[in-house]
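Following: one structure in C-alpha coordinates, then a few remarks.
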Amino acid sequence: MGFVSDFMSEEELDRIYPDGWAALMRFVINQSGKLRAIDNGALGHNQTFTSSEAIHTTSAAAGAALARGFRRHHGGKLQGRWRLMAASRDMWKAYRQLPVHPRQEHLIIIVVFDPVSRCWRFARAHALLFGLSGAVTHFNRVPTMLVAAARRILAIPVQHFYDDHRLLEPAICQSSGWKWFAKLSDWLGWKFDAGKDQPPMAILPLLGHLED
(Lines give C-alpha, C1' and ligand atoms only; values in the text may rest on other atoms or scores of the structure.)
Protein backbone atom coordinates (compact mmCIF):
# COMPACT_ATOMS: atom_id res chain seq x y z
CA MET A 1 0.00 0.00 0.00
CA GLY A 2 3.04 2.27 0.05
CA PHE A 3 2.92 2.89 3.81
CA VAL A 4 6.41 1.43 4.37
CA SER A 5 9.55 1.03 2.26
CA ASP A 6 11.01 -2.26 1.09
CA PHE A 7 12.42 -4.33 3.93
CA MET A 8 16.12 -3.92 4.67
CA SER A 9 18.78 -5.41 6.89
CA GLU A 10 20.37 -3.73 9.88
CA GLU A 11 23.58 -3.25 7.87
CA GLU A 12 21.73 -1.45 5.09
CA LEU A 13 20.15 0.96 7.57
CA ASP A 14 23.55 1.66 9.10
CA ARG A 15 24.82 2.70 5.67
CA ILE A 16 21.79 4.93 5.02
CA TYR A 17 21.81 6.53 8.50
CA PRO A 18 25.42 6.52 9.75
CA ASP A 19 24.49 8.92 12.57
CA GLY A 20 21.98 6.46 13.99
CA TRP A 21 18.37 5.33 13.70
CA ALA A 22 15.66 3.91 15.95
CA ALA A 23 13.18 1.09 15.35
CA LEU A 24 9.78 0.15 16.75
CA MET A 25 8.62 -3.45 17.09
CA ARG A 26 5.56 -4.11 14.92
CA PHE A 27 2.94 -6.62 16.01
CA VAL A 28 -0.59 -7.44 14.93
CA ILE A 29 -3.82 -7.50 16.92
CA ASN A 30 -7.18 -8.98 15.94
CA GLN A 31 -9.76 -6.22 16.29
CA SER A 32 -13.24 -7.65 15.73
CA GLY A 33 -11.98 -9.94 13.00
CA LYS A 34 -9.76 -7.29 11.39
CA LEU A 35 -5.99 -7.58 11.67
CA ARG A 36 -4.45 -4.24 12.66
CA ALA A 37 -0.74 -3.42 12.78
CA ILE A 38 0.47 -1.73 15.96
CA ASP A 39 3.97 -0.34 16.51
CA ASN A 40 5.31 -0.46 20.05
CA GLY A 41 6.55 3.00 20.98
CA ALA A 42 6.86 2.13 24.67
CA LEU A 43 10.47 0.98 24.29
CA GLY A 44 11.86 4.52 24.03
CA HIS A 45 9.94 6.56 21.47
CA ASN A 46 7.07 7.54 23.77
CA GLN A 47 9.46 8.91 26.37
CA THR A 48 10.53 11.60 23.90
CA PHE A 49 7.01 13.02 23.55
CA THR A 50 5.09 15.26 25.93
CA SER A 51 2.09 17.45 25.18
CA SER A 52 -0.45 19.51 27.06
CA GLU A 53 -2.76 19.49 24.04
CA ALA A 54 -6.28 18.26 24.76
CA ILE A 55 -8.18 15.77 22.60
CA HIS A 56 -11.52 17.06 21.30
CA THR A 57 -14.12 14.59 20.04
CA THR A 58 -17.88 14.36 20.46
CA SER A 59 -20.51 12.41 22.40
CA ALA A 60 -24.13 11.30 22.27
CA ALA A 61 -24.97 14.33 24.41
CA ALA A 62 -23.57 16.62 21.69
CA GLY A 63 -25.99 15.08 19.19
CA ALA A 64 -28.88 15.64 21.58
CA ALA A 65 -27.83 19.27 22.07
CA LEU A 66 -27.72 19.76 18.30
CA ALA A 67 -31.22 18.29 17.97
CA ARG A 68 -32.45 20.68 20.66
CA GLY A 69 -30.91 23.56 18.73
CA PHE A 70 -32.78 22.56 15.59
CA ARG A 71 -36.05 22.34 17.52
CA ARG A 72 -35.48 25.77 19.03
CA HIS A 73 -34.76 27.21 15.58
CA HIS A 74 -37.82 25.56 14.03
CA GLY A 75 -40.07 26.51 16.92
CA GLY A 76 -41.92 23.19 16.99
CA LYS A 77 -41.67 19.43 16.76
CA LEU A 78 -39.10 18.00 14.38
CA GLN A 79 -41.41 15.97 12.16
CA GLY A 80 -42.42 15.78 8.53
CA ARG A 81 -40.00 17.84 6.42
CA TRP A 82 -38.26 18.87 9.65
CA ARG A 83 -37.55 15.36 10.89
CA LEU A 84 -33.87 14.92 11.64
CA MET A 85 -31.68 12.75 9.45
CA ALA A 86 -28.25 11.54 10.59
CA ALA A 87 -25.31 10.47 8.43
CA SER A 88 -21.73 9.39 9.00
CA ARG A 89 -18.39 9.20 7.18
CA ASP A 90 -15.27 7.29 8.23
CA MET A 91 -11.79 8.40 7.15
CA TRP A 92 -9.85 5.93 4.99
CA LYS A 93 -6.73 4.56 6.74
CA ALA A 94 -6.97 7.58 9.02
CA TYR A 95 -3.54 7.70 10.68
CA ARG A 96 -1.80 6.52 7.51
CA GLN A 97 -2.84 9.70 5.69
CA LEU A 98 -0.34 11.74 7.72
CA PRO A 99 3.17 11.54 6.21
CA VAL A 100 6.45 11.37 8.09
CA HIS A 101 8.70 14.42 7.82
CA PRO A 102 11.94 13.56 5.97
CA ARG A 103 14.01 14.81 8.92
CA GLN A 104 12.34 12.23 11.18
CA GLU A 105 12.30 9.18 8.91
CA HIS A 106 15.37 7.69 10.65
CA LEU A 107 13.32 7.56 13.87
CA ILE A 108 10.25 5.95 12.31
CA ILE A 109 11.65 2.53 11.39
CA ILE A 110 9.57 -0.60 11.95
CA VAL A 111 11.06 -4.00 12.69
CA VAL A 112 9.46 -7.43 12.22
CA PHE A 113 10.79 -10.95 12.50
CA ASP A 114 11.11 -12.86 9.22
CA PRO A 115 10.22 -16.50 10.03
CA VAL A 116 11.57 -17.73 6.68
CA SER A 117 15.12 -16.37 6.92
CA ARG A 118 14.87 -16.33 10.73
CA CYS A 119 16.19 -12.79 11.12
CA TRP A 120 14.91 -9.28 11.82
CA ARG A 121 13.79 -7.10 8.91
CA PHE A 122 13.50 -3.31 8.94
CA ALA A 123 11.50 -0.81 6.89
CA ARG A 124 11.06 2.96 6.88
CA ALA A 125 7.50 4.08 7.62
CA HIS A 126 6.09 6.70 5.26
CA ALA A 127 3.04 7.46 7.41
CA LEU A 128 2.15 8.14 11.04
CA LEU A 129 2.48 5.02 13.16
CA PHE A 130 -0.40 3.91 15.36
CA GLY A 131 1.24 2.93 18.63
CA LEU A 132 3.14 6.14 19.32
CA SER A 133 1.76 8.08 22.28
CA GLY A 134 1.70 11.26 20.20
CA ALA A 135 -0.09 9.67 17.25
CA VAL A 136 -3.60 10.33 18.56
CA THR A 137 -2.82 13.96 19.36
CA HIS A 138 -1.18 14.57 15.99
CA PHE A 139 -3.95 12.87 14.02
CA ASN A 140 -6.81 14.46 15.94
CA ARG A 141 -5.80 17.88 14.61
CA VAL A 142 -6.99 16.76 11.16
CA PRO A 143 -10.67 15.98 11.89
CA THR A 144 -10.80 18.91 14.34
CA MET A 145 -9.70 21.27 11.58
CA LEU A 146 -12.03 19.65 9.03
CA VAL A 147 -15.05 19.92 11.35
CA ALA A 148 -14.20 23.53 12.24
CA ALA A 149 -13.99 24.46 8.53
CA ALA A 150 -17.29 22.70 7.76
CA ARG A 151 -19.06 24.48 10.60
CA ARG A 152 -17.65 27.96 10.12
CA ILE A 153 -17.45 28.19 6.33
CA LEU A 154 -20.41 26.09 5.21
CA ALA A 155 -22.56 25.99 8.40
CA ILE A 156 -22.67 22.18 8.25
CA PRO A 157 -23.76 20.59 11.56
CA VAL A 158 -21.03 17.97 11.80
CA GLN A 159 -19.13 16.45 14.74
CA HIS A 160 -16.33 13.90 14.91
CA PHE A 161 -15.20 11.07 17.14
CA TYR A 162 -11.59 10.67 16.01
CA ASP A 163 -11.88 9.52 12.36
CA ASP A 164 -15.68 8.99 12.43
CA HIS A 165 -17.76 12.01 11.40
CA ARG A 166 -21.48 12.46 12.16
CA LEU A 167 -23.79 14.91 10.43
CA LEU A 168 -27.28 15.88 11.56
CA GLU A 169 -29.70 17.87 9.40
CA PRO A 170 -33.45 18.19 8.78
CA ALA A 171 -34.97 16.30 5.83
CA ILE A 172 -35.91 19.67 4.30
CA CYS A 173 -32.19 20.24 3.58
CA GLN A 174 -32.30 17.32 1.10
CA SER A 175 -28.92 15.99 2.26
CA SER A 176 -27.13 19.21 1.28
CA GLY A 177 -24.92 19.10 4.38
CA TRP A 178 -23.86 15.55 3.56
CA LYS A 179 -23.04 16.46 -0.04
CA TRP A 180 -21.10 19.63 0.76
CA PHE A 181 -19.15 17.96 3.56
CA ALA A 182 -17.97 15.37 1.03
CA LYS A 183 -16.95 18.14 -1.38
CA LEU A 184 -15.09 20.01 1.36
CA SER A 185 -13.24 16.84 2.40
CA ASP A 186 -12.19 16.18 -1.19
CA TRP A 187 -11.07 19.78 -1.66
CA LEU A 188 -8.92 19.66 1.48
CA GLY A 189 -7.41 16.37 0.31
CA TRP A 190 -8.57 13.99 3.04
CA LYS A 191 -9.81 10.58 1.92
CA PHE A 192 -12.89 8.85 3.30
CA ASP A 193 -13.90 5.19 3.01
CA ALA A 194 -16.87 5.20 0.61
CA GLY A 195 -17.70 1.64 1.60
CA LYS A 196 -18.44 2.81 5.15
CA ASP A 197 -20.48 5.88 4.18
CA GLN A 198 -23.89 6.04 5.86
CA PRO A 199 -26.04 8.56 3.93
CA PRO A 200 -28.73 10.53 5.80
CA MET A 201 -31.23 8.23 7.52
CA ALA A 202 -33.67 8.34 10.43
CA ILE A 203 -31.81 5.71 12.49
CA LEU A 204 -28.02 5.79 12.15
CA PRO A 205 -25.71 2.90 13.13
CA LEU A 206 -22.58 4.54 14.53
CA LEU A 207 -19.74 3.11 16.65
CA GLY A 208 -21.74 0.04 17.56
CA HIS A 209 -24.89 1.98 18.57
CA LEU A 210 -28.12 3.05 16.89
CA GLU A 211 -28.89 6.76 17.03
CA ASP A 212 -32.61 7.42 16.61
Task: Of residues in the stretch 195-204 being in contact (Cβ under 8 Å) with a residue 60 or more places away in the chain and within 12 Å of Asp90 (Cβ to Cβ), the one surrounded by the most Cβ atoms within 10 Å (Cβ to Cβ) - done: Gln198
Open item on the list: For the stretch 99-114, give me each residue that is in a loop (DSSP other than H, G, I, E, B) and out of contact with any helix residue (DSSP H, G or I) (no Cβ under 9 Å at 6 or more places or on another chain).
Closed with: His101, Ile108
Task: Residues that are closer than 18 Å to Gly69 by Cα, charged (D, E, K, R) and touching a helix residue (DSSP H, G or I) at 6+ places or on another chain (Cβ under 9 Å), drawn from the stretch 126-177 - done: Arg166, Glu169
- [ ] Starting from residues that are among the acidic types (Asp, Glu) and outside any loop (DSSP other than H, G, I, E, B), keep the ones in the stretch 155-188 and report whichever is surrounded by the fewest Cβ atoms within 10 Å (Cβ to Cβ).
- [x] Asp186
TODO: Among the numbered conditions (1) part of a helix (DSSP H, G or I); (2) more than 14 Å from Leu167 (Cα to Cα); (3) out of contact with any Pro (no Cβ under 8 Å at 6 or more places or on another chain), tell me where Glu53 comes up short.
DONE: (1)
Open item on the list: Can you report the number of residues in the stretch 8-28 which are in a strand (DSSP E or B) and open to solvent by 60 Å² or more (accessible area, probe 1.4 Å)?
Closed with: 3
Open item on the list: Going through Ala125, Ala148 one at a time, which residue ends up being surrounded by fewer than 17 Cβ atoms within 10 Å (Cβ to Cβ) and of a type in the set (A, V, I, L, M)?
Closed with: Ala148
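To keep it simple, each residue is scored yes or no on (1) at pLDDT 90 or above; (2) out of contact with any Phe, Trp or Tyr (no Cβ under 8 Å at 6 or more places or on another chain); (3) among the acidic types (Asp, Glu).
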{"position": "Ser52", "(1), (2), (3)": "no, yes, no"}
{"position": "His56", "(1), (2), (3)": "no, yes, no"}
{"position": "Met85", "(1), (2), (3)": "yes, yes, no"}
{"position": "Val116", "(1), (2), (3)": "no, yes, no"}
{"position": "Phe122", "(1), (2), (3)": "yes, no, no"}
{"position": "Leu128", "(1), (2), (3)": "no, no, no"}
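Name the residue, out of Arg89, Arg96, that is surrounded by 12 or more Cβ atoms within 10 Å (Cβ to Cβ), at pLDDT 85 or above, within 20 Å of the chain's Cα centre (by Cα) and part of a helix (DSSP H, G or I).
Selected residue: Arg96, the only one of Arg89, Arg96 that is surrounded by 12 or more Cβ atoms within 10 Å (Cβ to Cβ), at pLDDT 85 or above, within 20 Å of the chain's Cα centre (by Cα) and part of a helix (DSSP H, G or I).
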- [ ] All but one of (1) open to solvent by less than 10 Å² (accessible area, probe 1.4 Å); (2) part of a loop (DSSP other than H, G, I, E, B); (3) small (Gly, Ala, Ser) hold for Ser117, so report the exception by its number.
- [x] (1)
Task: Single unsatisfied condition, Asp114 versus (1) touching a strand residue (DSSP E or B) at 6+ places or on another chain (Cβ under 8 Å); (2) more than 30 Å from Asp19 (Cβ to Cβ) - done: (2)
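The values are calculated or read from the model by the stated rules, or taken from the named source; none is laboratory data. Please read these numbers as outputs of a predicted model, since none were measured by experiment. Positions of Cβ are generated from backbone atoms using ideal geometry, with glycine treated the same way; all protein chains shown enter the neighbour counts. When the accessible area is computed, the model is the full protein with side chains, heavy atoms only, and any ligands, DNA or RNA have been set aside. Shrake-Rupley method; radii C 1.70, N 1.55, O 1.52, S 1.80 Å.
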